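Values quoted throughout were computed directly from the atomic coordinates according to the rules given, and no laboratory measurement underlies them. The model shown is predicted, which means the values in this text are computed figures rather than measured ones. In this analysis, Cβ positions are derived from the backbone assuming ideal geometry, glycine residues included, and neighbour counts consider all displayed protein chains.
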Amino acid sequence: MTCAECGAEVGKSAELGAYTCSECGMAHCPHCGARPADECAHLLAWQAPDTDTGWFEAYPFHREPPVLPEEYEAVEWSGEDYEAAFGGLGANVDYIVGAYANGLVSPPSETQLFDIAVDALSLDAQAVVWEQDWMGAAGATLWFSKDADGARESLDTWLGKLAEGFLVLTQRGAERLAAG
Ligand SMILES: [Zn+2]
Ligand SMILES: [Zn+2]
């Protein structure tokens, strides 16, 4: 593959990975060779370099991850609650809860949730690091999938199941809140 940006050969670089140009740092789609700005049909997600913020430049989800209503902040959840709610998601329940670092009433780290879902679904999603220093893009991670639309649909279904888990907690929590 030749770099679409600088023309250098994009080869296997142990440091950067096979689809990042070792000359200019531009990331390329493993399936069609496009650059991130070309927005090829395979681009599934694009994570900004500051991973602490947990946000995406290209959003992999169709829907917002679920949260609990604010009044549920007072409810104490047990491991059994979490298992009942999230046990069927094919992921480590602790990881899911961990993505909600500020509690289940606050939005989760979407990048963490994405990682968990990709793993749980064994999605075809190849990570490519973009090392080019362009508008602060250095260090961004992009995920490409042969079937990005299909992957997005799978993620959507998974988030739907996650939302069902939140419904389970809503019901359990309501009983406890009512009991005072
Ligand atoms: Zn290049
Ligand atoms: Zn592509």
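Tell me the mean residue ellipticity at 222 nm calculated for the chain from its helices only (DSSP H runs of n ≥ 4, each -39500 (n - 2.57), averaged over every residue, nearest 500).
-10500 deg cm²/dmol
What does the extension gain come out to for residue 74 and residue 40, with contour length at 0.36 nm per residue minus their alpha carbon separation?
7.7 nm
With a cap of 15 neighbouring Cβ atoms within 10 Å, and only residues DSSP puts in a loop, list the chymotrypsin sites (Phe, Trp or Tyr not before Pro) found in the stretch 86-180.
Within the stretch 86-180, the qualifying chymotrypsin sites (Phe, Trp or Tyr not before Pro) (loop, at most 15 other Cβ atoms within 10 Å) are 134.
Test of understanding: express the Cα radius of gyration of the stretch 79-180 as a ratio to 2.2 N^0.38 Å, with N the residue count.
1.30
Can you figure out the FRET efficiency of residue 95 with residue 146, using R₀ = 25 Å and their beta-carbon distance, to the nearest 0.05?
With a Förster radius of 25 Å, E is 0.45.
Principal axis extents for the stretch 1-41, Cα atoms only, whole Å, descending order, please.
27, 17, 14
Hey, can you grab everything whose amide H is under 5 Å from the amide H of residue 45? Only 5+ residues off in sequence or another chain; H modelled, so Pro and N-termini drop out.
It is 143, by chain and number.
To the nearest whole percent, what portion of all C-alpha pairs in the chain is separated by more than 22 angstrom?
50 percent
Residue 157 versus residue 174, label points 7 Å from Cα toward the beta carbon: distance in nm?
Label at residue 157, label at residue 174, 2.8 nm between them.
How far apart, in nm, are the 7 Å Cα→Cβ label points at residue 106 and residue 63?
Roughly 2.4 nm, to one decimal.
Any idea what angle helix 148-179 forms with the longest principal axis of the chain, computed on alpha-carbon atoms, 0 to 90 degrees, nearest 10?
20 degrees
In percent, how large is the relative contact order of the chain, given Cα pairs closer than 8 Å and 6 or more residues apart?
Value for the chain: 27 percent.
Scan the chain and hand back the longest stretch that contains none of the GluC sites (Glu not before Pro) lying in DSSP loops with at most 16 other Cβ atoms within 10 Å.
It runs 77-180.
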